[in-house]
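The values are calculated or read from the model by the stated rules, or taken from the named source; none is laboratory data. Remember, it's a predicted structure, so these values are computed and weren't measured experimentally. Because the Cβ atoms are built from the backbone with ideal geometry, glycine has one as well, and the counts that use them run over all protein chains shown. In case anyone asks, the SASA skips ligands and DNA or RNA and just uses the protein heavy atoms, side chains included. Shrake-Rupley method; radii C 1.70, N 1.55, O 1.52, S 1.80 Å.
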2 protein chains.
Amino acid sequence: MLEPSVRDHLNIGCIVFQRMDQSDFTGPFEVLSRVPNSTFYVIGRDHNSVRDVRGLILTPEIRFSDSPALDVLIVPGGEGQEDLMDDEVVLSFLRHQCHGAKYIFSVCTGALLCGAAGVLQGVRATTHWSALHLLEYFGAIPVHARVVIDGKYVSAAGVTAGLDGALRLVSLVGTDEIAQQIQLGMEYAPEPPFDSGNLQSAPPGVVKAVRDGMQRITQRRLDTAKRVAERLGVHLPCKQPA
Amino acid sequence: MLEPSVRDHLNIGCIVFQRMDQSDFTGPFEVLSRVPNSTFYVIGRDHNSVRDVRGLILTPEIRFSDSPALDVLIVPGGEGQEDLMDDEVVLSFLRHQCHGAKYIFSVCTGALLCGAAGVLQGVRATTHWSALHLLEYFGAIPVHARVVIDGKYVSAAGVTAGLDGALRLVSLVGTDEIAQQIQLGMEYAPEPPFDSGNLQSAPPGVVKAVRDGMQRITQRRLDTAKRVAERLGVHLPCKQPA
């Protein structure tokens with residue numbers, strides 16, 4: 001569909017793992033698999049399929065150990081991210097790829113995984129609203145924004161922000177016109193039926209219900225972040241985050 | 001995460017097929033798999049995985065022949081929809097399920113599949129902008145809108161419109177509050193980096209490039225629509241659509 005106007009062939013890859021949020025991956029896939037002169041790799045620990053947090057089956061095509069050097073590394077999140085925060089196989093893959101990549105693109109709580117890998121220190125970044133206060137445990141600088149670009153580190157807020165981040169990334173690795181063509185092809189002119197997509201706009205009762213529902217995973221993420229901060233030697237500000 | 005406030009258990013199902021557009025399915029899955037007191041079925045012709053038009057592997061969990069009666073039937077589109085327009089196994093599944101379903105939800109050119117199954121006659125509907133002029137060949141009434149609800153038939157425009165349609169559907173089968181909670185959970189407060197998501201806003205050069213890239217599939221869809229119109233006995237208006 002698109003005229004090739006990306007000069008060098010790009011290797012783009014996304015890791016998949018158990019209990020991830022599938023949209024953190026499939027949203028960016030929709031956009032970035034359409035970049036001209038690129039290959040998109042779906043990468044897993046092994047060749048086995050995984051299930052996302054709602055049960056969707058996702059199947060990697062290559063293993064960490066077989067992955068080429070990636071120009072763009074996508075790191076999705078979701079509840080399953082918690083299980084990987086001390087997983088040296090995953091973390092060393094991220095560190096290794098981040099070192100050579102042109103861009104690292106975290107979506108949602110994929111930022112916490114990048115943080116645990118130690119690649120966020122001193123980096124301005126965003127993540128899902130429920131986890132934004134955790135970024136400083138990894139030495140990152142939390143920014144309240146839908147997409148944050150700091151050098152080669154691109155981060156998107158929760159789940160659907162991956163679409164916006166991916167289109168921004170197309171501009172970075174290609175051109176604005178390619179991004180606009182992809183946007184038109186996927187008819188991305190959103191009309192959310194409610195104004196309930198972030199903490200500022202959602203009705204208080206809705207915020208409370210969702211916060212309550214996420215209390216357990218948020219507490220677990222905080223405990224993990226504190227442990228990882230020690231491992232990374234990150235010194236926190238005196239005040240405890242909210 | 002959500003308080004159950006859908007009274008009766010809902011069976012929600014989506015078909016998957018070769019060369020579909022994965023986002024037509026994964027967008028609505030993100031939303032509708034979170035409806036309380038529901039089960040989401042990923043349904044295929046058989047148990048074999050399929051690849052979406054960009055190569056993503058999708059794996060059905062049940063076959064058409066094993067599907068329970070669905071309360072909500074989701075019909076995605078994408079280029080592969082063309083190969084099913086005369087496929088009586090698929091079309092009879094759609095007809096059979098549409099008969100009993102509370103809602104039929106087409107995304108993108110999934111509307112053409114519904115049309116080929118003959119369930120769109122006299123129905124107001126939308127589809128991907130490149131195919132809107134084809135709806136009348138199936139006896140449907142094309143409506144230029146992101147989401148159209150006509151009785152039990154809900155249709156969304158191209159690809160990402162499935163998110164908006166799915167949230168509307170949650171309000172219909174559940175409550176506005178459930179839809180708002182899901183929207184906040186997925187942080188759906190979109191900020192597209194360009195105003196290029198539809199024909200009205202995209203720069204002319206972008207529209208031309210995307211139209212040119214889709215010329216072949218659009219012509220093929222027109223030829224098919226004409227043939228299906230004859231089969232359905234749909235009498236077209238005198239003027240030829242653009």
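Miscellaneous remarks
- Packing, taken as the mean count of other beta carbons within 10 Å per residue, orders the peptides A:94-105, A:111-122, B:131-142 from highest to lowest as A:111-122, B:131-142, A:94-105.
- For B:Arg124, distant residues with modelled amide H under 5 Å away: B:Ile141
- Length added when fully stretched, A:Arg216-A:Ser201, from 0.36 nm per residue minus Cα-Cα: 3.0 nm
- Remark: mean inter-chain Cβ contacts per residue of B:154-160 equal 4, using a 10 Å Cβ-Cβ cutoff to other protein chain atoms.
- Peptide A:194-202, shielding by other chains (average Cβ, 10 Å cutoff): 6
- Pseudo-label separations to other copies for B:Asn48 - Cα-to-Cβ vector, 7 Å, nm: 2.6
- Protection proxy ranking, peptides B:214-220, A:75-81, A:221-227, average beta carbon neighbours within 10 Å, highest first: A:75-81, A:221-227, B:214-220
- Considering only alpha-carbon pairs that sit under 8 angstrom and 6 or more positions apart, the relative contact order computed for segment B:112-168 is 32 percent.
- Accessible surface ranking that places the most exposed of A:Glu82, A:Glu88 first, with a 1.4 angstrom probe: A:Glu88, A:Glu82
- In percent, rounded to a whole number, the relative contact order of segment B:98-242 is 24, using alpha-carbon pairs under 8 Å and six or more apart.
- Gyration tensor verdict on segment B:178-242 (Cα atoms; rounded if a/c is under 1.5, prolate if a/b is larger than b/c, oblate otherwise): oblate
- Judged by the gyration tensor of its Cα atoms, with axes a ≥ b ≥ c, segment B:139-178 is oblate; a/c meets the 1.5 cut and b/c is at least as large as a/b.
- For segment A:12-26, Karplus couplings with θ = phi - 60° (6.51, -1.76, 1.60), whole Hz, Gly/Pro x: 10, x, 10, 7, 10, 7, 4, 6, 5, 9, 4, 5, 4, 9, 5
- Segment A:72-114: C-alpha gyration tensor shape, a/c 1.5 cut-off, then a/b vs b/c: oblate
- Distance from the Cα centroid of segment B:51-119 to that of segment A:162-181 is 31 Å (rounded to whole angstrom).
- Legend: calculated FRET efficiency, A:Lys152 to A:Glu61, from the Cβ-Cβ distance at R0 = 30 Å, rounded to 0.05, equals 0.75.
- Over chain A: helical MRE at 222 nm, DSSP H runs n ≥ 4 each giving -39500 (n - 2.57), nearest 500: -11000 deg cm²/dmol
- A:Asp83 label point (Cα plus 7 Å toward Cβ) to equivalent points in the other copies: 3.3 nm, shortest first.
- Relative contact order (percent, whole number), chain A, Cα cutoff 8 Å, 6+ residue spacing: 18
- Inter-copy spacing of A:Glu61 label points, which lie 7 Å from Cα along Cα→Cβ, given in nm from shortest upward: 2.5
- For B:223-229, mean number of other protein chain Cβ atoms within 10 Å: 0
- Counting 0.36 nm for each residue step from A:Asp46 to A:His9 and taking away their Cα separation leaves a gain of 10.8 nm.
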